[in-house]
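> Sharing a structure here in structure tokens format.
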Amino acid sequence: MTISGKAYIAGAFEHPTRHAPDKTVAQLHAEVALGALQDAGLTRQDVDGYFCSGDAPGPGPASMAEYMNLKLRHADYTEVGGASYALLVGHAAEAIAAGKCDVALITLAGRPRSEGMATGTAPRPRDPNQPEAPWEASYAITTANGYAMCAMRHMHQYGTTGAQLAWVKVAASHHAQHNPHAMLPEVVTVEEVLASPMIADPLHRLDCCVISDGGGALVVVRPEIAKTLKRPPVKIIGTGEAVKHLTAGTFDLTTSAAARSGPIAFAEAGITPADIKYASIYDSFTITVIIQIEDLGFCAKGAGGKFVADGNLISGTGKLPFNTDGGGLCNNHPANRGSMTKVIEAVRQLRGEAHPAVQVKNCDLALAHGTGFQLATRHGAATVIMERE
Amino acid sequence: MARKLTPPVVTAESKAFFEAARSGRFVIPFCTACGKAHWYPRAICPFCASDAVEWRPASGNGTIYTFSVMRRVKEPYAIAHVTLAEGPTMLTNLVDCDFDTLRIGQAVAVVFQETEGGAPVPMFKPV
């Protein structure tokens, strides 16, 4: 069974807040849900499928379904960290194609900024039953130094430079200047990235994404419903998901699970990376973008540093316009999870509703990709390919 | 050593390793069915699914596969993956060294480090 053409993204909403000290996480989930439904021209009563992940408070989808008082035929709670929302777009399309629901709501929200979470520089608590816990907990692996190890190896193996990493941030900042909601709207230079404080060698502060409160939501519907709605239809034509781990101690940290999720999604969509007009690429760190761009097939493995340099990711001048909202590096990284905002900006591009300064001309095919958890140990990935009708 | 280390979780699958560690012995899991060592240690071989896994003394020698010095903390430390002479690559820390001279491919040897009220854990220092 293919999901190609079986479901459409009808609603998309990114919460404008980046700092929400006076709201609860559940409240933010509900606000983004209502925002996406309003965008679609649907109501809460139309929702019969609910999809969420580890940021949703409560056991599985039940607490948030109760809070929003949803009446559901289908629910899905899948935890793949920041990749979850791109992955849930695929699951929503599958559920719709299988007749399990008609209107699927996907939500993300969180408040790491208000809660003072040391998102990247402190080890995250882990379940002692995780089988790797005895072998890792003493070493203080964090989000930042884990991704930094991948960058260090990529530099060693392929000659990637700090300046090439910096170009990813520079491109994101060129886009963020046009986003009134962006946390970091100032344009930065390669020199400024390299002069920012070292967090974990070789990643500087400006190689790291922002920590923000907020959230986002998507509404995925079957084609018959999409046809009745007023918003420009965004057809889901390919999805892929994958998990990569340390393979019992035999691994290459310069490759991510995108090397498997990408080809699966492209095969289902029946297109190639060269057909993509716009790409939302998860940018937890600058190195994340380079590795995923290679793995998704936009350039050869090891050539990502050269590919992203000299503004090649900047809309209007580069070959692969990416993260035109400013991405996680400059705009928003709600709940420390990036793939929701990745899908939302791809939807804006396909609708022709991105900021005019960054809107890609004739944007008919777009990709959104997310990576979740730890690139230096075990992670998940999800790719979504969408088409404007 | 100033940095306080979180003690390892001792489980049914990790107990023998940390008992050996307490007496300064570095052992790794070896599958007698397929002849391969693996990491992290499991009771069931991740390569061939046999349960004929036994602990064998390891040389403690390895090379740095990759590393990163965490700078934005009170006490900087070096996280690393080290490839053991016996084959598998393991997550660890690099200690007893000038962080600024570390490089990928460098030879290192195991050195056990005390943890806060728990068993010592294997870390590595340049040789």
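FYI, it's all coordinate maths here, none of it is from the lab. Everything quoted here is computed from the prediction, not taken from an experiment. Because the Cβ atoms are built from the backbone with ideal geometry, glycine has one as well, and the counts that use them run over all protein chains shown.
> Treat the count of other C-beta atoms within 10 Å as a stand-in for reagent exposure and order B:Ser68, A:Ser114 from fewest to most.
Going from sparsest to densest Cβ surroundings: A:Ser114, B:Ser68.
> Show me the trypsin sites (Lys or Arg not before Pro) within region A:196-239 that DSSP assigns to loop and that have at most 10 other Cβ atoms within 10 Å of their Cβ.
Of the trypsin sites (Lys or Arg not before Pro), the ones in loops of region A:196-239 whose Cβ has at most 10 other Cβ atoms within 10 Å are A:Lys230.
> Quick one: of the DSSP bridges fully inside region B:15-126, what percent are antiparallel, nearest 5?
Here the antiparallel bridges make up roughly 95 percent for region B:15-126.
> Which pairs in the list A:Lys169/A:Lys244; A:Lys71/A:Lys235; A:Lys23/B:Lys4; A:Lys244/B:Lys4 are over 29 Å apart, alpha-carbon to alpha-carbon?
A:Lys23/B:Lys4; A:Lys244/B:Lys4
> If I fit a long axis through the Cα atoms of helix A:258-269 and take the longest principal axis of the Cα atoms of chain A, what angle between them do I get, 0 to 90°, rounded to 10?
40
> Go ahead and run the numbers for FRET between A:Ser114 and A:Glu191, Cβ-Cβ distance against an R0 of 41 Å, rounding to 0.05.
Efficiency for this residue pair is about 0.80.
> Once the Cα atoms of helix A:286-295 and of chain A are each reduced to a long axis, what angle between those two axes, in degrees from 0 to 90 to the nearest 10, is obtained?
Relative to chain A, helix A:286-295 is tipped by roughly 70 degrees.
> As a check on your grasp of the helix formula, calculate [θ] at 222 nm for the protein assembly as shown: sum -39500 (n - 2.57) over DSSP H runs of n ≥ 4, divide by the residue count, round to the nearest 500.
It lands at -7500 deg cm²/dmol.
> Could you give the semi-axes, largest first, of the ellipsoid that matches chain A, computed as the square roots of 5 times the alpha carbon gyration tensor eigenvalues and rounded to whole Å?
Each semi-axis is √(5λ); the values are 30, 23, 20 Å.
> Hey, what angle do you get for helix A:25-40 against the long axis of chain A, alpha-carbon based, 0 to 90 degrees rounded to 10?
60
> What residue among A:Gly372, A:Gly60, A:Gly328 has the largest mean-square fluctuation in a Gaussian network model of chain A, using Cα springs under 10 Å?
Taking springs between Cα atoms under 10 Å, the residue moving most is A:Gly60.
> Distance between Cα centroids, region B:45-99 to region A:169-193: provide it in whole Å.
For region B:45-99 versus region A:169-193, the Cα centre distance is 37 Å.
> Count, for each residue of B:5-12, the Cβ atoms from other chains sitting within 10 Å of its Cβ, then give me the mean as a whole number.
5
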